[in-house]
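Below is one structure, written out as C-alpha cells; comments come after it.
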Amino acid sequence: MPFPRFCARWLPLAAGLALAGATLVASPASRVAPIGVTETAEAQTGDAAWLRYAPIVDRAVSGRYDGLPAVVVSLDSSPVVESARQEIVRGVRGMLGRTLRIERELPSESAIVLGTLAAVGKAVKGLGPAPALEPDGYWLKTVAEGGRTLVVVGAPNERGVLYGTFALLRKIAMGEAVSTLDEAESPAAPVRWVNEWDNLDGSIERGYAGRSIFFEGGRVLEDLRRAQDYARLLASVGINGCAISNVNADARLLTPEFLPQIARVAEAFRPWGVRLAISLDFSSPKAIGGLTTFDPLDPGVARFWRDAIDALYRAIPDFGGVVLKADSEGRLGPAAYGRTHADAANVIARALEPHGGLIFYRGFVYDHHMDWRDPKNDRARAAYDNFQKLDGHFDDNVVIQIKHGPIDFQVREPASPLFGALEKTNEAIELQITQEYTGQQRHLCYLVPMWKTVLDFDMAAAASGSSVADLVSGRTFHRPTGGFVGVSNVGRDATWLGHPLAMANLYGFGRLAWAPALGARRIAEEWTRLTFGDDRKVLDTVVDLQLRSWPVYESYTGPLGAGTLTDILGPHFGPGIESSERNGWGQWHRADHDGIGMDRTSATGTRLHRAVPVAGGRALRVPRDLPRRSVALHAPRPVHPRAAFRQDRDPAHLRQPPRGSRSGGRLRRAVGGTAGTSGRPDVRRGPGPSRVPGGSRRGLARRRLQLVPAHLGDRGRAWPRRTLPGTGRGRAHDA
Ligand code: GCV
C-alpha cells in the first residue's frame, strides 16, 4: 500500500476521530495510528479489518490471559480445522504477544484443544456430555484435569470448530475471562450467506470500493488471495456461503470454459468453510444451451438444468447453490411463457436436489412500468402479491429471498409483508450491506439498528412468536431451511468497502445472522474493539458515531418514511427528489405543496395494510418513535404522534382476532389481488398519457387524502386539499 493512498483513506478518519475527541498517537514522522497502540501507520491499512488482533495494551486486561495455555492441539487435520489452528496462533500472538506451540496430540501440560465433538470427547476424559448443538454450533469449555487446564473448542462439524475458535479470540479481544468457560452456541439459522453483485468484466453493480476481487476482463482473477482473505473475514462472523456473481446474471458462468475457473474460487473459500454459489440467468437454456426455449415446463429445459448442475457439482462437489432474479427489472423469467415463479424455481431445484444444493429465488419481483397515475398501484405490494398465492408450491430446497422492506433497501421501511405470508415455503431475509441508498460508503451509516427494527418486528403470523428473525430462521413454521443473506460489495480498495467505518455493517450482518438478538450497541462495540484495539476513548467515540449515524443520514435523505430523496434514475446518490415521480418505477413520494405520502389504507388507498398482519388491538412491538418516522410510508392523513402506527392501519383489520387463532389465514385470503399490481412483471403496461385507471380524475383526486406529518399537528390540517399528482393542477413544479 503506497503511503499517499494510505493517507487518503486513514487521515480523514484519524482527523475525524481527533475532532470527536479520540486519542491519536502520532509517530515522530507525524504519521497517525488511530489507536493507542504502537503500530506504525503503514501497518494499518484496513486490510486486516476486524481481524487485526491489535495488542492489548492495558496490562490489567492482558493479565487476565496469563494463564492461557502455551500449546494448541488440533485433533483433526481437515483444512477447516487447520485454519482454526492457524487463527488461534495468529490471534494470540497479535493480542497477547505470545506464540503458541503446535502439537498433534494432547500433551501433559495445559493446552487449547480444537476438534469435533467426537474427537475431543475421546481425547479429553473429563469433558462430560456435550450439549445439544445445531450444525456449525460450538462449545467452549475449560476442563481442569490431571493438574493441567484444557481449553476445549468442540463442535458437531469442522466449521463449528472454526467458529468456536473465532469466538474464543473475540472474547480475548473484548477482555472477557476465558479461564472458566462453559458456553455453547448454535447459529440462529442454517443459511448465513452473502451475495456479491460482481460482473465478469470486473465491475461491480453498486460497487463503491474498487473492482471485483473475483473477476477481471471476462475471467476469474489469477490471484485469488484477496478472495481467500475475504472468506476468512466471512468465516470469522459465521457466514457459510457466498454467491460471487451479480443477480443481473451472465449466462457464461455455466459454460464449460468457466467451471474450472469458478472451481478455483471454491478452492480459495474451502479452508474457511464458505460454500461457493453463483447467480443464474433463467434464459440460459436458450442463451447458452442451444435450445429454442427456456420454458420451465419444457422437458428439454429440465434436462438442460440437470446437465448444467451435474457438471457444476462435478467441478465443485461442495457447491452451495444458486441465486435467481427472474421477471424483474428486465431479467427474463417464467412470465415469458405464462408460467409461475414456482415452476421456474422448481425446475432448477430438482436439478440441485440430488446434490444437496439450494436455490434462492428472489422475491424482488415487480413491474417497473407501472402507471403512476393510478393511485391503487403500489410497488410495495408486489412481492406479496407475486408470492403469497404460491405458498406451498415450492420444493423444499427453494428459499424465497425477500428484501427486508417492501420497496428496495430504503433508509427506512417496514418489514416486507411477505415474511408473514409464507407458511409452507422457506424464506431468507435479504439485507443490503452495500450502502446503495444509505450513503454509498461515503457517508457514515451504521445499518445494524435499522436491520434490527425489521428482524425484531413481530409479523403476528402465529401465536408462538413470529418475529421476522424467527420466520426466516424457519422456527415459526418449522421449515427445513432459511436464514439471512447480505448483499455486499467488497472490492479491491484496501478498506474492503471503501470507507473504514463501513465494515461495521459487514461485521454486523454476520453477527446478526448468527444471533439476531444481539444488540446494535454490543455489535458496534465488538467491531470497534476488534478493529481499533482497546483504547476507551476511541471505543466510546466510534461507537457513538456509529449509533447516531442512521437517524442522521435518514434525516437528510429520506425522512418520515417518504423513501429516498436521492436520484433514483441515476446513481441513487445526491439530491434528486423529482426523479421518483411520474415514472413507472414506483418509488413515488406523491409529494406536492399539500404534503407527501402514499395512501396505503384499504379504504381509499393501495390496500397494502391488509397485507401486513397486525394482531387485533395489541400494541405493535416497534420502537415508540417508528410511527412518526414512517408516517409518509403508510397513510396520508392526520395522525396523533403517539398512536400513529396503530391509527394508520385499516380499522377493520385491527378488529380481527389475534393471530394464532388462524385469523391469519383468513386475513391473507382476504387480501387477494388488487388493481394495479400486475403479478406479471414482464407485461409492460405503459402509462398512456390520458389513461386514468380506476375512475375519473375527480374521483381519484377526492380519494387523495391530505397528509399531515404527525409532528406538524394542526398546522397541517389547514393546508388545502391536494390534487391528483400529475394533472397539472396545483403543483408548483408543473407550473
Ligand atoms: C442487482 C436495485 C438496485 C439494482 C439491483 C436490484 C436488485 O434496484 O438498484 O442495482 O440489481 O435492486 O436487487 O436486483
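Key figures for this structure:
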read-out: Karplus-derived HN-Hα couplings along region 304-313 (A = 6.51, B = -1.76, C = 1.60, θ = phi - 60°), whole Hz, x at Gly and Pro; value: 4, 5, 4, 5, 5, 6, 4, 5, 4, 6
read-out: Distance between region 506-537 and region 400-441 - C-alpha centres, whole angstrom; value: 22 Å
read-out: Convex hull projection area averaged over all views, region 59-185, Cα basis, nm²; value: 6.8 nm²
read-out: Long-range amide H partners of Val72 with built H, under 5 Å; value: Arg101, Ile102, Glu103, Ile112
read-out: Accessible surface of region 395-508, 1.4 Å probe, proportion on carbon and sulfur as whole %; value: 50 percent
read-out: ³J(HN,Hα) computed for each position of region 353-367 - Karplus, 6.51 cos²θ - 1.76 cosθ + 1.60, integer Hz, glycine/proline x; value: 3, x, 9, x, x, 10, 10, 9, 9, 6, x, 7, 10, 7, 8
read-out: Heavy-atom accessible area ranking, 1.4 Å probe, most first, across Ser179, Ser108; value: Ser108, Ser179
read-out: Relative packing of peptides 435-448, 137-150 - highest average C-beta neighbours within 10 Å first; value: 435-448, 137-150
read-out: Highest to lowest packing among 192-198, 50-56, 120-126, scored as the average C-beta count within 10 Å; value: 192-198, 50-56, 120-126
read-out: Derived scalar couplings ³J(HN,Hα) [region 542-550; Karplus, 6.51 cos²θ - 1.76 cosθ + 1.60; whole Hz; x for Gly, Pro]; value: 5, 4, 5, 4, 4, 5, 8, 6, 5
read-out: Residues with amide H under 5 Å from that of Leu358, placed H, sequence gap 5 or more; value: Gly321, Val322
read-out: Sequence-separation-based contact order of region 191-518, relative, with Cα cut under 8 Å and 6+ spacing, percent; value: 19 percent
read-out: For Arg192, distant residues with modelled amide H under 5 Å away; value: Asn240, Gly241, Phe484
read-out: 13 Å Cα-Cα reach of Lys125 towards aspartates and glutamates, excluding residues that sit fewer than 8 places from it in its own chain; value: Glu145
read-out: Within straight-line cross-link reach of Lys122, lysines at Cα separation under 23 Å, skipping those fewer than 8 residues along the same chain; value: Lys141
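The values are calculated or read from the model by the stated rules, or taken from the named source; none is laboratory data. Just so it is clear, the model here is predicted, and its values are computed rather than measured. Cβ coordinates were reconstructed from backbone atoms using ideal geometry, including for glycine residues, and neighbour counts include every protein chain displayed. Accessible surface is based on the protein model in full, side chains and every heavy atom, while ligands, DNA and RNA are left aside. Shrake-Rupley method; radii C 1.70, N 1.55, O 1.52, S 1.80 Å.
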